[in-house]
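Have a look at the structure below before the remarks.
The values are calculated or read from the model by the stated rules, or taken from the named source; none is laboratory data. Computed from a prediction, not measured in an experiment: that's the story for all the values here. Every residue, glycine among them, receives a Cβ derived from its backbone with ideal geometry; neighbour counts consider all protein chains shown.
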Amino acid sequence: MKYRTLGKTGLSVSVIGMGTWQLGGEWGKNFTQPEVNAMFARAQALGINLIDTAECYGDHLSESLIGTAVKGQREKWIIATKFGHRFTGFMKRSDERDLPDVREQLDASLRALRTDYIDIYQYHSVRDNEFDNPSLWDFLKKAKKAGKIRHIGNSISGGLDLRYQTERSTDADVEVLQVVYNRLERKPETECFDEAMKQELGVLARVPLASGYLSGKYKPGAKFTGNDYRTTQDPAKVEEKLKEVERIQKEEVPAGVDMAEWALAWCLKHPAVTAVIPGCKSVEQVEKNARAAELVA
Ligand SMILES: NC(=O)c1ccc[n+]([C@@H]2O[C@H](COP(=O)([O-])OP(=O)(O)OC[C@H]3O[C@@H](n4cnc5c(N)ncnc54)[C@H](OP(=O)(O)O)[C@@H]3O)[C@@H](O)[C@H]2O)c1
C-alpha cells in the first residue's frame, strides 16, 4: 500500500480507501456481518486504513456493520462519515440539515460506529445556502473541541458547481473535500482542484470506477435489476458511458492491466487527489482495488 498526507489534517491515509455505500443494501446485495468482517480484515491486512461511510447508507446500517467489523481495532482506522439526511427506504432520503437534526445524527453515527470520535465528519451533498450556516459551523467547531470530531470534511454534490463551497472551505474549517472524480467525470479539474491545492485541502475522489462501469466488465446493452442503485440511472446515459468505457479500454488501458485497477490509479495521478474510495462488495474486490496502489507513482 502507499500512503499520502490528507491535506492540513496531517492524517496519513492509504491511497486506496473503502467506500461503503454498498453496505447499506442499495447495490443489489444485502451484507451479513461475517462478510463485512472478512472484507475489513482483508483490507487491514493489505494496508488500507481509510473508510468512507454515511448516515444514510441504510439507516446508519453501513456505519453499524463497520463499527462491529473494526471493534477492538478502532485506532488503526481513519473513519469518515457524513451528515445531512435520514434514510427512508431504497434510494429515498429526507434532507435534514438543521442543527437539532445534525446533533441527533452525530450521536447516532457515534453509536452505530461504536466509537467516541469520528476522524472526518462531512457535509453530505448539501446545497450552497445550507452550507452557509454559521450556527452549523459553530456547532461543528464545538463538537471538535469536545473531541467527537477530529476534522471537518465536505462531500460536495456532483450536481453543483463545485466552486462556491470549495472556495469557502477554510472559512468553514473544512480541511477535506470529497468529489466525484473519475476518467469519465473530470469536472473537479476545472472547478475545484486548483483551489483545493491553494488551501491545502485533502481530496477524496469518490465514484472512482464510475459506479463500476470503469471496471470494464459491463458491455453496452448491460442491464441492472433488483435493488441495485444503477436501475435508477437514465438507461440512455448508462449506454453512452458503457460505449465510452469500451473505447477507453481499447485505446488507453495498457495490455495486461486490469481496467478497474487502471481506473483507480488514473484518479491518483492528479496532484490534488489524496486518495480514492472505491465502493467494495467482496473480499475479492478489496484485494483488486488494493492492488491498484502498485500502479501509483
Ligand atoms: N454524496 C456522497 O457523498 C457520495 C455519493 C456516492 C458515493 N460516495 C462514496 O464513494 C464511494 C464510491 O462510490 P460508488 O460506490 O458510488 O462508485 P464506484 O466506487 O465507482 O463503484 C463501486 C462499484 O464498482 C464495482 N467494483 C468495485 N471494485 C471493483 C473491482 N475491483 N472490479 C470490478 N468491479 C468493482 C462494484 O459493483 P459491482 O461489482 O456490482 O459492479 C461496486 O459496487 C461510495 O461507496 C461512498 O462511500 C459518496
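Some notes on this structure:
- Restricting the search to helices (runs of 4 or more DSSP H) fully inside the stretch 215-297 and requiring at least 3 residues that are farther than 30 Å from Pro34 by Cα gives 235-251, 259-268.
- The listed residues are Thr166, Thr190, Thr225, and the only one of them that is buried (at least 24 other Cβ atoms within 10 Å of the Cβ) and not aromatic (Phe, Trp, Tyr) turns out to be Thr166.
- Lys217 being within 11 Å of the ligand (Cβ to nearest atom), free of Cβ contacts under 8 Å to residues at least 60 places away in the same chain and over 15 Å from the mean Cα position of the chain (by Cα): yes
- First in the stretch 1-15 and within 12 Å of Gly202 (Cα to Cα) and buried (at least 21 other Cβ atoms within 10 Å of the Cβ), second anywhere and basic (Lys, Arg) and modelled with pLDDT of 95 or more, Cβ under 7 Å, 6 or more apart: Val13/Arg4; Val15/Lys2; Val15/Arg4
- The set of residues in the stretch 173-191 that are outside any strand (DSSP E or B), within 14 Å of the ligand (Cβ to nearest atom) and in contact with a strand residue (DSSP E or B) (Cβ under 6 Å, 6 or more places away or on another chain) comprises Tyr181, Pro188.
- Of everything listed in (1) within 10 Å of the ligand (Cβ to nearest atom); (2) closer than 30 Å to Val253 by Cα, the single unmet condition for Val203 is (1).
Each row is one residue, and each column tells you yes or no for (1) within 26 Å of Ala290 (Cα to Cα); (2) within 15 Å of the ligand (Cβ to nearest atom); (3) surrounded by fewer than 21 Cβ atoms within 10 Å (Cβ to Cβ).
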site	(1), (2), (3)
Glu55	yes, yes, no
Ile66	yes, yes, no
Val70	yes, no, no
Asp107	no, no, yes
Leu113	yes, yes, no
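- Candidate set: the stretch 200-222, residues that are surrounded by fewer than 16 Cβ atoms within 10 Å (Cβ to Cβ) and either touching a Gly at 6+ places or on another chain (Cβ under 7 Å) or of a type in the set (A, V, I, L, M, F, W, C) (or both); chosen: the one farthest from Glu175 (Cα to Cα): Ala222
- Residue check, Asn227 in contact with a Leu (Cβ under 7 Å, 6 or more places away or on another chain) and within 15 Å of the ligand (Cβ to nearest atom): no
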